[in-house]
Amino acid sequence: MDAQTIDGIIERHPQDPSSIIQVLLDIQNELYYLPKDVLEYVSKRLGVPMSRSYHLATFYKAFSLKPKGKYPIAVCTGTACHVQGAMKIYDQISRELHITEGERTADNRFSIESVRCLGCCGLAPVVTVGKNLHGKIPVAKVNKILQQYK
Amino acid sequence: MAYRTYLMVCAGTGCVANQSMKVRDKLVAEITKRGLQNEVAVVTTGCNGFCAVGPILVVQPEGIFYQLLKETDIPYLIEEHLLKGRPVKELLYTPPLEKTPIPKMSDIPFFADQTLIVLRNRGLIDPENIDEAISRGAYEALAKVLTTMTPEQVIKEIKESGLRGRGGGGFPTGIKWETCRNAHGDPKYIICNADEGDPGAFMDRSTIESDPHAVIEGMCIGAYAIGSPEGYVYIRNEYPIALERLKTALKQARDYNLLGKNIFDKGFDFDIRVVRGAGAFVCGESTALMASIEGKTGEPRAKYVHTVERGLWDKPSCLNNVETWANVPQIILNGAQWFANIGTGDVSEDPWGGSKGTKVFSLSGKVNNTGLIEVPMGITLRKIIFDIGGGIKDGKKFKAVQTGGPSGGFIPESLLDLAVDYEELTKVGSMMGSGGMVVTDENNCMVDMAKYFLTFTQEESCGKCIPCREGTKRMLDILEKITNGEGTEEDLVLLEDLSNMVVESSLCALGGSAPNPVLTTLKYFREEYEVHVRDKKCPAHACKKLITYNIDPEICVDKGHGCDVCRKNCADGAITGETKKVHAIDVMKCGRCGICLDVCKFDAIYVE
């Protein structure tokens, strides 16, 4: 992400340290992670010490310091999904792709994370792959779903 | 222009996830194709609440309810219903275990037993069109307040209604407003907490998605009562639809001068800013939430001085959640007495003396009718789960209901006739919380559920105070030991001790309530803990380390003729056998993923 794009994002918000979380969220939503140089640039522009930006980036769950795969997988582990066997689904994906929480596959295709409640509890258990949502999935269907993205 | 028929397509998150937008597009295309576009209108509405059967379509004005729609159903539906005038039976709702479908939405038990105040507009208006909200009475209460009432009268009305905070704490709203109004400091801030961090709860999201103007109006009325020029909505970043609808609604309200300068020409100025949360459960705590708005990490502070005195930017701040704000306009319009007539207890002397009005719950887990419901305070848990919720899925046995999210507790079957109100739920060790209600059945292990919630709170502990940071960690260690079959009797005693310590000595309510799931399961399901510890077994067959998958040889051969499907699907190569012959699982190789159980059509696989 170049300086001009970041400046554009910063200008959408009040130009003071209180905006840092909002700016970082916009960047995270676009890049799916916060590269170190971007974090440094934003800190400087908003007058926030890098130590504090790093604190924020590691404190809040929305931020990631590691890049995600082309198809980031989010397994919902909210309560409704949990009682419907979300962990079985998570374990199966993790086993199939040989990655665990926050990791990316060697071919950069997939990354996996567990999230808390996507808000469609009626569809439990729910997994999102990229922007697609898969609901009511049995463990046996996991590999088939992953195949669609390979 | 008036149309003869309105097709109300649900565009709540659940239905959208189920492709309701494709259904909508198909409806529009079919109607245009048949030249009906001047007679029939397609409207996208907010969440209807019955998420279990989405995508949902309601045909108005008759109120015919269609469910589980697919794009391919649409041409036939239009042909039959709109042209020939007969509802399509196969697409109507049929209650579980019954055969006759129920065509009318208002006759379906899920809807019939609800009382709508906060969600009164759900499914009836397009949330992205302020005119539809206004036609249903939005901003009427604001007009009444600005033209005929003093701020003191507004506060008096809210106090008399008995409205209490719907975010979990249940603090009387009128008293909060009054304290904030009387606090010294300028300016004062109004804040709406829409950072629903509770896993398994989506009330606030649905409220904003279906009727954002109710929240905005409530905040305006609060601002007038307290004397605040500026408000904030702190909303979860993970709720893209709610966020967009809220922004649209704010813009439309500004265009109509219902927000901004000199509202209703009464010299009252107020505007609202939207701030997104970045994913921290602890930000539901008022001081942490305000720190987050200021661009800091959400760490709570000790509340020697309350946030109504010194909150955001050290100024007096009044924080209520979405549902609380959305109740306000209706109280103003219908009067305090109307509201106080619904619910339990008496609030005329003691503001904590009862629970008034309704409560929105997100009902999920092992019930047939998962979704969003609004019920009067005082309703029994049994009515919610078995009448509105339609009972337990797949005819299984009810085990416990969890209310209040990670801060709440589990309530066993013996207490199902409990009336839902703030005090009653607290008495049995749970709490109202923001309104998550997750039902578990016989296949859910209570130790595992306690571990689940503790994993959550432990992850979300901000780390500022030691009892919460270290205490929850050690509690989780013990629970893992128990679910791994390594627990001892002493562990149970230690777990209980630690729980009480964390409750008593944590800085904020996150730590103070984190042990609730553990304490309630220990209280009501101690036997289950003891079986884990003593026999190294999980009676519900949920704890992975304590179960084995097996094949019943007789069923496998007699019924399934050794179909071989399990062996082909086994990810670990743990199943041996060939077609027409008996199959067996090698326990040492088995990864306990459960695929074989899923794929076996003959129920030959069993777990012990």
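The values are calculated or read from the model by the stated rules, or taken from the named source; none is laboratory data. Bear in mind the structure is a predicted one, so any value in this text is a computation, not a measurement. Because the Cβ atoms are built from the backbone with ideal geometry, glycine has one as well, and the counts that use them run over all protein chains shown. Surface accessibility is based on the protein's heavy atoms, side chains included, excluding ligands, DNA and RNA. Shrake-Rupley method; radii C 1.70, N 1.55, O 1.52, S 1.80 Å.
So, of the residues in region B:525-539 that are assigned to a helix (DSSP H, G or I) and open to solvent by 80 Å² or more (accessible area, probe 1.4 Å), which turns out to be farthest from B:Ala400 (Cα to Cα)?
In the first step, residues of region B:525-539 are kept if they are assigned to a helix (DSSP H, G or I); the result is B:526-534.
Filter once more, keeping what is open to solvent by 80 Å² or more (accessible area, probe 1.4 Å): B:527, B:534.
Values: B:Glu527: 14, B:Arg534: 23 Å.
Top of the filtered list is B:Arg534.
Counting only residues that are within 11 Å of another protein chain (Cβ to nearest Cβ) and outside any helix (DSSP H, G or I), which one in region B:440-457 is most open to solvent (accessible area, probe 1.4 Å)?
Within region B:440-457, the subset within 11 Å of another protein chain (Cβ to nearest Cβ) is B:440-441, B:443-445, B:448-449, B:451-453, B:455-456.
Those left that are additionally outside any helix (DSSP H, G or I): B:440-441, B:443-445.
On the way: B:Thr440: 0, B:Asp441: 5, B:Asn443: 70, B:Asn444: 12, B:Cys445: 1 Å².
Per the stated criteria, the residue is B:Asn443.
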Scan region A:12-57 residue by residue and report those that are hydroxyl-bearing (Ser, Thr, Tyr), closer than 25 Å to A:Glu103 by Cα and more than 12 Å from chain B (Cβ to nearest Cβ). A:Tyr32, A:Tyr33
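Whether any residue in region B:52-67 is loosely packed, with under 15 Cβ neighbours inside 10 Å and of a type in the set (Gly, Ala, Ser) is what I want to check. Before the answer, list the steps.
From region B:52-67, those loosely packed, with under 15 Cβ neighbours inside 10 Å are B:61-62; that's our starting set.
Adding the requirement that they be of a type in the set (Gly, Ala, Ser) leaves none.
No, because not a single residue in region B:52-67 is loosely packed, with under 15 Cβ neighbours inside 10 Å and of a type in the set (Gly, Ala, Ser).
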Within region B:564-595, tally of residues that are within 14 Å of another protein chain (Cβ to nearest Cβ) and open to solvent by 30 Å² or more (accessible area, probe 1.4 Å): 10
For region B:463-479, which residues satisfy the criterion of being at pLDDT 95 or above, surrounded by fewer than 18 Cβ atoms within 10 Å (Cβ to Cβ) and touching a helix residue (DSSP H, G or I) at 6+ places or on another chain (Cβ under 7 Å)? B:Lys473, B:Arg474
Within region B:272-314, can you find the residues that are open to solvent by 30 Å² or more (accessible area, probe 1.4 Å), away from chain A (no Cβ under 14 Å) and under 25 Å from B:Glu217 (Cα atoms)? B:Glu309, B:Arg310
Just one of (1) more than 14 Å from chain A (Cβ to nearest Cβ); (2) among the hydrophobic types (A, V, I, L, M, F, W, C); (3) open to solvent by 20 Å² or more (accessible area, probe 1.4 Å); (4) in contact (Cβ under 8 Å) with a residue 24 or more places away in the chain trips up B:Ala326, so point out which. (3)
Residue count for region B:289-315, restricted to those that are touching a residue at least 24 places away in the same chain (Cβ under 8 Å), in a helix (DSSP H, G or I) and within 21 Å of A:Tyr60 (Cβ to Cβ): 6
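Filter region B:143-164 for residues that are open to solvent by less than 10 Å² (accessible area, probe 1.4 Å) and not charged (D, E, K, R) and give the result.
Correct list: B:Val145, B:Val154, B:Ile155, B:Ile158, B:Ser161, B:Gly162, B:Leu163.
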Residue among B:Ile155, B:Ile125 that is at pLDDT 95 or above, in contact with an Asp or Glu (Cβ under 9 Å, 6 or more places away or on another chain) and of a type in the set (A, V, I, L, M, F, W, C): B:Ile155
When you scan region B:238-255, do you find a residue that is touching a His at 6+ places or on another chain (Cβ under 6 Å), under 23 Å from B:Arg136 (Cβ atoms) and part of a helix (DSSP H, G or I), even just one? yes
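Hey, among A:Leu25, A:Leu39, which residue is surrounded by 14 or more Cβ atoms within 10 Å (Cβ to Cβ), in contact with a strand residue (DSSP E or B) (Cβ under 9 Å, 6 or more places away or on another chain) and not assigned by TED's automatic domain parsing to the domain that holds A:Pro125?
One residue alone meets the criteria, A:Leu25.
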Closer than 20 Å to B:Cys543 by Cα and at pLDDT 90 or above: does that describe B:Leu418? no
What's the number of the only condition in (1) farther than 28 Å from B:Phe398 by Cα; (2) open to solvent by 60 Å² or more (accessible area, probe 1.4 Å); (3) within 12 Å of chain B (Cβ to nearest Cβ) that A:Tyr60 fails to meet? (2)
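Quick one: in region B:360-376, of everything that is facing another protein chain (nearest Cβ under 7 Å) and assigned to a loop (DSSP other than H, G, I, E, B), which residue is surrounded by the fewest Cβ atoms within 10 Å (Cβ to Cβ)? Break it down into steps so the answer makes sense when it comes.
If we filter region B:360-376 for residues that are facing another protein chain (nearest Cβ under 7 Å), which is where we start, we get B:362, B:364-366, B:370-371.
Checking which are assigned to a loop (DSSP other than H, G, I, E, B) leaves us with B:366, B:370.
On the way: B:Lys366: 27, B:Thr370: 30.
Ranking the qualifying residues of region B:360-376, first place goes to B:Lys366.
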Selection count where residues are farther than 20 Å from B:Ala571 by Cβ and within 12 Å of chain B (Cβ to nearest Cβ), scope region A:123-138: 9
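Do you know which residues across region B:578-598 are over 20 Å from B:Cys538 (Cβ atoms), touching a strand residue (DSSP E or B) at 6+ places or on another chain (Cβ under 9 Å) and touching a residue at least 24 places away in the same chain (Cβ under 8 Å)? Show your work before the answer.
At the first step, the residues of region B:578-598 found to be over 20 Å from B:Cys538 (Cβ atoms) are B:578-584, B:586, B:589.
From the residues that got through so far, the ones that are touching a strand residue (DSSP E or B) at 6+ places or on another chain (Cβ under 9 Å) too are B:582-584, B:586, B:589.
Correct list: B:Val582, B:His583, B:Ala584.
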In region B:480-513, how many residues are at pLDDT below 95 and aliphatic (A, V, I, L, M)? 3
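For region B:30-42, indicate whether the set of residues that are under 27 Å from B:Thr115 (Cα atoms), open to solvent by 10 Å² or more (accessible area, probe 1.4 Å) and among the hydrophobic types (A, V, I, L, M, F, W, C) is non-empty.
Pass one, region B:30-42, residues under 27 Å from B:Thr115 (Cα atoms): B:42.
Still in the running and open to solvent by 10 Å² or more (accessible area, probe 1.4 Å): B:42.
Next, only the ones that are among the hydrophobic types (A, V, I, L, M, F, W, C) stay: B:42.
Yes, region B:30-42 contains at least one residue that is under 27 Å from B:Thr115 (Cα atoms), open to solvent by 10 Å² or more (accessible area, probe 1.4 Å) and among the hydrophobic types (A, V, I, L, M, F, W, C).
So which of B:Gly390, B:Gly354 is surrounded by 20 or more Cβ atoms within 10 Å (Cβ to Cβ), within 13 Å of chain A (Cβ to nearest Cβ) and in a loop (DSSP other than H, G, I, E, B)? I'd like the intermediate steps shown before the answer.
Details: B:Gly354 fails: within 13 Å of chain A (Cβ to nearest Cβ).
B:Gly390 is the lone residue from the list that is surrounded by 20 or more Cβ atoms within 10 Å (Cβ to Cβ), within 13 Å of chain A (Cβ to nearest Cβ) and in a loop (DSSP other than H, G, I, E, B).
Is at least one residue of region B:403-414 of a type in the set (A, V, I, L, M) and open to solvent by 20 Å² or more (accessible area, probe 1.4 Å)?
Step one: filter region B:403-414 for residues of a type in the set (A, V, I, L, M), giving B:411.
In the following step, the residues that additionally are open to solvent by 20 Å² or more (accessible area, probe 1.4 Å) were identified as none.
Checked against the condition, which is being of a type in the set (A, V, I, L, M) and open to solvent by 20 Å² or more (accessible area, probe 1.4 Å), region B:403-414 yields no hits at all.
One line per residue, one yes/no per condition, for (1) within 30 Å of B:Asp448 (Cβ to Cβ); (2) part of a loop (DSSP other than H, G, I, E, B):
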position	(1), (2)
A:Leu25	no, no
A:Val42	no, no
A:Val48	no, yes
A:Ser53	no, no
A:Leu65	no, yes
A:Ile73	yes, no
A:His82	yes, no
A:Met87	yes, no
A:Asp91	yes, no
Restricted to region A:97-117, and to residues that are within 14 Å of chain B (Cβ to nearest Cβ) and either over 26 Å from B:Asn18 (Cα atoms) or open to solvent by less than 10 Å² (accessible area, probe 1.4 Å) (or both), which residue is modelled with the lowest pLDDT? A:Cys117
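Is it fair to say A:Cys120 is at the interface with another protein chain (Cβ under 10 Å from one of its Cβ atoms), modelled with pLDDT of 90 or more, under 30 Å from B:Asp204 (Cβ atoms) and buried (at least 16 other Cβ atoms within 10 Å of the Cβ)? First the steps, then the outcome.
Working: at the interface with another protein chain (Cβ under 10 Å from one of its Cβ atoms): yes; modelled with pLDDT of 90 or more: no; under 30 Å from B:Asp204 (Cβ atoms): yes; buried (at least 16 other Cβ atoms within 10 Å of the Cβ): yes.
Against the criterion (at the interface with another protein chain (Cβ under 10 Å from one of its Cβ atoms), modelled with pLDDT of 90 or more, under 30 Å from B:Asp204 (Cβ atoms) and buried (at least 16 other Cβ atoms within 10 Å of the Cβ)), A:Cys120 does not qualify.
Looking at A:Ile145, is it surrounded by fewer than 18 Cβ atoms within 10 Å (Cβ to Cβ), more than 11 Å from every other protein chain (Cβ to nearest Cβ), free of Cβ contacts under 8 Å to residues at least 40 places away in the same chain and touching a strand residue (DSSP E or B) at 6+ places or on another chain (Cβ under 8 Å)?
On the way: surrounded by fewer than 18 Cβ atoms within 10 Å (Cβ to Cβ): yes; more than 11 Å from every other protein chain (Cβ to nearest Cβ): yes; free of Cβ contacts under 8 Å to residues at least 40 places away in the same chain: yes; touching a strand residue (DSSP E or B) at 6+ places or on another chain (Cβ under 8 Å): yes.
Against the criterion (surrounded by fewer than 18 Cβ atoms within 10 Å (Cβ to Cβ), more than 11 Å from every other protein chain (Cβ to nearest Cβ), free of Cβ contacts under 8 Å to residues at least 40 places away in the same chain and touching a strand residue (DSSP E or B) at 6+ places or on another chain (Cβ under 8 Å)), A:Ile145 qualifies.
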Give the residue, chosen from B:Tyr139, B:Tyr189, B:Tyr93, that is hydroxyl-bearing (Ser, Thr, Tyr), outside the structural domain of B:Ala291 (by TED's automatic domain parsing) and either open to solvent by less than 50 Å² (accessible area, probe 1.4 Å) or at positive phi (or both). B:Tyr93
